[in-house]
Amino acid sequence: MRLEAHAKINLSLDIVGKREDGYHLLEMVMQEIELHDVVEIDKADKGITLSCNKEYIPCNAKNTAYKAAAMMIERCGINGGVRISIEKNIPVAAGLAGGSTDAAAVIRGMNEVYALGLSQEEMMGLGLKVGADVPYCLVGGTALCSGIGEIVKPLKSFSGIDVLLVKPAFGVSTKDAYMGFEIDKVKRHVSTRRLISAMERRDLDAVAYNMRNLLENVTLRKHPILKTIKESLSEHDAIGTLMSGSGPTVYGIFKNAEDAGRAEGFFKDKYREVILTKTR
């Protein structure tokens, strides 16, 4: 079985509290994009076999797709194994949910090939055991995510918007980003309702004005190059720029494909991972 596992960007990331167990309470507008990995899943007699086209990707229990498969076998009482092949196109440790979307594809795929009959809600519950972004990745599209990310409310589609992704040559630890965040120092939270209203009207100027990520300052302080990328995106006709998730990928949204294409040409001369895509 062949599945597309799509990346996401955050159009917003607000941190509204903290649970007793240390997890931060979030309110995020998440948006699926056309960029995707390809995940192939087949039954096996026993065990989990994972392969990938990128040699730096671990093909063992450190991989979230492998974790998802192991969890499905255990939790669903599957008498058999699985072969997983991943064609990796989404940058890793990038704030784009690359690992989570592969895990979501494995959950969907194993539900199909083993005819488990799990509902979307049941798959989301299982996905949360693998990672906080997995429930959203099982839903996809445009959504408001809250809690630790597991409460997913679909929104009106915001598809077809030109997006340029720029990822510098380093990764960012999500855990470290959240550890560096100090909620008592937040002076302004995200205007989530205004952002959603602007998206529903497809008012890109208003969307750009209301895009905000409270983790951005944490990561930008450690990596000033991200501020430079944001400024350069604006100088090359992006009407809005934001870091996705905990970073380090920074993206710009554009009013048309021509502007986005010109910006892509500029950034490709300077950074290895520059991807022109669209919201989906």
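Apart from one condition, residue 187 fits all of (1) modelled with pLDDT under 95; (2) within 17 Å of residue 9 (Cβ to Cβ); (3) among the charged types (D, E, K, R); the exception is (2).
The C-beta contact set for the stretch 84-111 (first residue assigned by TED's automatic domain parsing to the domain that holds residue 50 and free of Cβ contacts under 8 Å to residues at least 40 places away in the same chain, second residue of a type in the set (Phe, Trp, Tyr) and surrounded by 22 or more Cβ atoms within 10 Å (Cβ to Cβ), distance under 8 angstrom, 6+ apart or interchain) comprises 100/136. The strands (runs of 3 or more DSSP E) found wholly in the stretch 188-280 and carrying at least 2 residues that are charged (D, E, K, R) occupy 273-278. For the stretch 87-117, enumerate the residues that are within 30 Å of residue 216 (Cα to Cα), among the β-branched types (Val, Ile, Thr) and buried (at least 16 other Cβ atoms within 10 Å of the Cβ). Correct list: 90, 101.
Note on the stretch 216-229: residues that are at pLDDT 95 or above and either surrounded by 20 or more Cβ atoms within 10 Å (Cβ to Cβ) or under 18 Å from residue 28 (Cα atoms) (or both) total 2. State whether the residues of the stretch 155-175 include one that is surrounded by fewer than 21 Cβ atoms within 10 Å (Cβ to Cβ) and in a helix (DSSP H, G or I). Yes, that holds for at least one residue. I need the full set of residues from the stretch 263-280 which are surrounded by 14 or more Cβ atoms within 10 Å (Cβ to Cβ) and farther than 18 Å from residue 94 by Cβ, in order please. Matches in the stretch 263-280: 263, 266.
The values are calculated or read from the model by the stated rules, or taken from the named source; none is laboratory data. Just so it is clear, the model here is predicted, and its values are computed rather than measured. Positions of Cβ are backbone-derived with ideal geometry, glycine not excepted, and every protein chain shown enters the neighbour counts.
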